[in-house]
1. For the stretch 417-440, which residues satisfy the criterion of being within 30 Å of PRO497 (Cβ to Cβ) and not in a loop (DSSP other than H, G, I, E, B)?
2. Are any residues in the stretch 347-363 within 21 Å of LEU381 (Cβ to Cβ) and of a type in the set (D, E, K, R), and if so, which ones?
3. Going by what's in this entry, would LEU227 be described as in the same structural domain as ARG160 (by TED's automatic domain parsing) and touching a Leu at 6+ places or on another chain (Cβ under 8 Å)?
4. For the stretch 323-407, please list each of the strands (runs of 3 or more DSSP E) lying entirely inside it that holds at least 3 residues being touching a residue at least 40 places away in the same chain (Cβ under 8 Å).
5. Just to be sure before I move on: is ARG290 closer than 22 Å to SER366 by Cα, in contact with an Asp or Glu (Cβ under 6 Å, 6 or more places away or on another chain) and part of a helix (DSSP H, G or I) in the structure I sent?
6. Considering only the stretch 511-523, I want to know if a residue exists there that is modelled with pLDDT of 80 or more and over 19 Å from VAL473 (Cβ atoms).
7. Tally time: how many residues in the stretch 211-227 are outside any loop (DSSP other than H, G, I, E, B) and in contact (Cβ under 8 Å) with a residue 60 or more places away in the chain?
8. Which one is farthest from the chain's Cα centre (by Cα) among residues in the stretch 132-158 that are hydrophobic (A, V, I, L, M, F, W, C), crowded, with 20+ Cβ neighbours inside 10 Å and under 16 Å from ALA115 (Cα atoms)?
Amino acid sequence: MNDASDSRPRVANPAAAALRTLLDLLAEGAPAERFAAAAGQARTDGADEAELAFVEDATRVASAVSRTLGQHRRREAELTALFDTAGDLAALRDLDAVLRAIVRRARTLLGTDVAYLTLNDPAAGDTFMRVTDGSVSAAFQQLRLGMGEGLGGLVAQTARPYATSDYGSDGRFKHTTVIDRGVGEEGLRGILGVPLRVGTRVIGVLYAADRAVRAFAPDAVALLSSLADHAAVAIDGARLLEETRAALRELGDANETVRAHSEAMRLATETHDRLTDLVLRGGDVGDLARDVAGLLGGGIVVHDADGTELARVRADPLAAPDRGVARSRTGGRAVVVDGVWVWAVMAGTELLGSVALTGRAGLTDSERRLFERAGLVTALLLLLRRSIAEAEDRVRGELLGDLLTPEVAGRSHDGASRHLRARRLGLDLSRPHVVLALRCDAGVRGRVASEAARRARAAQGLSGVHQGLVVMVTPARNPGELARSLAAELGHALGVPVTVGAAGPADHPGALPAVYAEALRCVEALHSLGQSGRGAGMADLGFLGVLLGERADVSGYVDRVLGPVIAYDARRGTELVRTLDAYFAHGASLSKAKEALHVHVNTVVQRLDRIGRLLGDD
């Protein structure tokens, strides 16, 4: 009796069916373990021994083809990944981004726990950890490997790839405490390192590592080496790009420096030309202030050494910047104090004044140098002005001496010469002139002379020291009023008493010596009367002025003193002047006066009351 299996229909060609199954599995890309099922199916289908041997042989061949196809597919995937990596790296421009992309792709392609990259440091002679992916140890991320130390140091030194399945127990490498501690803290065992090469130069090492024992196959080494080659090119390209960018930045900075320098040179040249032209054409401090204010776009205020304002352009009144002047003198540079730039105008160690710039809190170096150069030109102009003033004062002093000196026997003044010299100084000797003699302490005579000279020039007059006194000759008609105002002004400005005696006016130059002598007597009289620090003319001294005056103007004096009474008698036909004369002639006695006048005493009293109302209470 046959088995039930014998009753199943027999496949006509079991071997052919098995071959077809193997081909289908190859086409699917099925895993190798499924290929053994083809031989079992052939046996089930009733294949004889020869057919089974044929199917088994075909199965072995199919498995080998499957493995080869798998290798090709894997290699194709790796190549595709490499091409993608190359494209990705080429698209990156930032070096840090390139390095991070390299280690991330290495970790992905090789399927490792960690990937990292070190770069060589030619200056230090070692290689240092630059980028990691998957690392958890801070010590590992900060490792530096000397050339020849550890696996990475050996790769960097020899430019050859090295792999170890278990680094800690591998005696081929030079172990150091620092490297072993870092690797141990990260927990790495299987490590593969390949060089990053640009031409023949090694720039670093690319690693893939596992925390378990792992033997890296040759295709893994080849894959990581291929990635390293792409990475080296990308790194070098990114480095060159960074260097190019840096060079461009430096070039831009250099261009900006050149531009700024060129602008500074242009400004300096323009400033030099303008200031030189200003000096050559005889400009003054005011012209300089206008030019500098225009160049710097601010306000300029110039003071002399005493704090007197000499010029002001585009600026509000400003007190002399004493604090800024002190700092500028000490440092020898322009300084900014409370938002105002200040430059001390010096001639050697002598302070001539100051220049202040307002409205410009910040200055570039070239603008500050321009401001300082303007200060130097200010010093030159002030020195020139002082020299001219001193020379002019000498000329004025000589003319003053000639005008005040009386003619002596055998020598006469050349009137035409004096008029010519006076016209050159801007004086008109044909006008009436008043002479003022100024008395002060010898210690302040220079300051008084300077102030008097300034006022005399403003009034188109003369001033100087003559016979030990400061003397002014100025166009005027009221000597007393001028003397009083001058004494008050000089006393207030200098803080010392200045006594001023005045006389005149002189209608022609020949009368000036006599008027000068009268002014001297007037100032001495003021001093003798205890009126130092005051000013007066001869007429202001009353009868004493009549006695001291060169020209005894008795009629004028009488008119000033008794004019209202005389005029009253002339209009009314009264005898007020006769009554006043009798009253004082008899010792201010009412009874004697009334007897001399042959009137009642009440009449004398009434007349004196009338005189009092006409002349005042005195």
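The values are calculated or read from the model by the stated rules, or taken from the named source; none is laboratory data. Predicted, not measured: the structure shown is a model, and the values here were computed from it. A quick note on method: Cβ atoms are made from the backbone with ideal geometry, for glycine too, and the neighbour counts reach across all protein chains shown.
1. Listed by number, the residues that qualify are HIS433, VAL434, VAL435, LEU436, ALA437, LEU438, ARG439.
2. Result: GLU350, single match.
3. yes
4. In the stretch 323-407, the matching strands (runs of 3 or more DSSP E) lie at 350-358.
5. no
6. no
7. Going through the stretch 211-227 one residue at a time, the tally reaches 8.
8. Within the stretch 132-158, the match that is farthest from the chain's Cα centre (by Cα) is LEU151.
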